[in-house]
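Here is the structure we will look at.
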Amino acid sequence: MEWKKLKNLIILILLVVNGFLLVLVDSRREESAQYERMALEQTVKVLRKGGIEVDLEAVTAADGLVPMSVDRDLDREARLAQALLDEQVEGDNRGGGLYLYRGRLGEVSIRSGGELSAEFEADDHWAADRPERHAADLLKRLGVEGAQVGVTEEDGQTAVYFRQSWNGAAVFTCEVAFVYQDGRLCSLSGVLIMAEAGTAETGQTLTMPTALMRFSEEIAGTGDVCSQLRSMEAGYRGTAQTLSGGMRLAPVWLVSTDTANYYLDCVTGAITRLTDQ
């Protein structure tokens with residue numbers, strides 16, 4: 001047989017094999033997805049028998065979320081402070097993990113663990129006809145990914161709240177408030193991750209059926225009572241690291257029920273009740 005014909009035959013055989021493998025992989029993937037759906041439906045039935053209704057449309061999986069460790073980045077903090085003050089300023093190390101930045105537009109203080117506060121001078125630079133749009137643009141200029149989670153208005157003062165995201169996932173403990181008085185930004189406060197990247201840790205997240213069952217078991221163990229699981233959003237919970245001055249991000253579900261809200265750890269299944277509703 002000529003080499004050209006043999007080569008074409010080999011290519012054809014490889015294409016057929018590859019096609020077969022793709023069909024097999026798709027079939028296995030569909031079988032796996034179908035199994036997960038069935039397991040989730042059975043879990044919901046079990047919870048319903050136990051008196052807990054679950055809204056599956058408001059439940060999100062924790063796919064891709066892993067524990068992260070984020071070290072403090074003083075250079076990134078300085079750039080953020082300079083962006084807020086619109087000029088090059090030097091940080092004054094006040095000790096105890098506190099750095100203070102002062103400029104003609106105000107002052108910015110940043111503590112270890114991401115705690116941020118800023119007070120701004122009465123300057124036309126901070127004038128804002130639309131506080132919500134102004135806050136969103138400023139957050140973008142700071143290089144922080146986030147989404148608006150609330151607005152309050154009282155006595156000429158408007159507060160716009162944003163929750164930070166990390167690699168596309170919400171960080172429930174990292175929120176910042178932009179406060180406007182009579183159409184001018186006067187202060188900013190909250191907690192932010194001010195770093196470029198983090199280090200992934202090991203940890204296998206729970207499947208959704210397992211997570212729901214663990215939540216039911218943990219609730220029963222605490223003595224709390226609920227009749228409806230309204231939502232279950234996957235994201236991160238940040239805790240300050242005293243040694244590095246940075247933050248550890250634990251993947252969690254923010255679980256909202258008819259009686260209280262909880263963090264459900266995506267790796268361990270442990271729950272923590274939130275005191276503020």
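Some values worked out for this structure:
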| item | result |
| --- | --- |
| Separation in nanometres of the label points that stand 7 Å from Cα toward Cβ, at R273 and D224 | 0.7 |
| Listed peptides 249-255, 79-85 by packing density, highest first (mean Cβ within 10 Å) | 249-255, 79-85 |
| FRET efficiency for Q241 and A83, using Cβ-Cβ distance with R0 set to 22 Å, rounded to 0.05 | 0.35 |
| Accessible-area composition of the chain, carbon plus sulfur, in percent [1.4 Å probe] | 50 |
| Translational D in µm²/s for the chain (Stokes-Einstein at 10 °C, 1.306 mPa s, Kirkwood Rh from C-alpha pairs) | 72 |
| Rounded to 10°, Cα long-axis angle of helix 3-49 versus longest principal axis of the chain | 70 |
| Residues of the chain: accessible area per residue with a 1.4 Å probe, Å² | 57 |
| Principal-axis tilt of helix 208-222 within the chain, Cα atoms, nearest 10 degrees | 60 |
| Added length on full extension, which subtracts the Cα-Cα distance from 0.36 nm per residue, V151 to T60 | 30.3 nm |
| Taking all pairs of distinct alpha-carbon atoms in the range 89-214, Kirkwood radius in angstrom | 16.4 |
| Alpha-carbon centroids, the range 70-84 and the range 225-277: separation in whole Å | 27 |
| Translational diffusion of the range 133-195, µm² s⁻¹ [Kirkwood Rh, Cα pairs; Stokes-Einstein; 20 °C; 1.002 mPa s] | 180 |
| Separation in nanometres of the label points that stand 7 Å from Cα toward Cβ, at V46 and R133 | 5.2 |
| Two-decimal Rg/Rh across the range 144-277, once Rg and the Kirkwood Rh are taken from alpha-carbon atoms | 1.03 |
| Full-extension gain in nm, D71 to S231, via 0.36 nm per residue minus C-alpha separation | 54.5 nm |
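The values are calculated or read from the model by the stated rules, or taken from the named source; none is laboratory data. These figures come from a predicted structure and were not determined experimentally. Please note: Cβ atoms are built from the backbone with ideal geometry, for glycine as well, and neighbour counts cover all protein chains shown. These area figures cover heavy atoms from the full protein model, side chains too; ligands, DNA and RNA do not enter into them. Shrake-Rupley method; radii C 1.70, N 1.55, O 1.52, S 1.80 Å.
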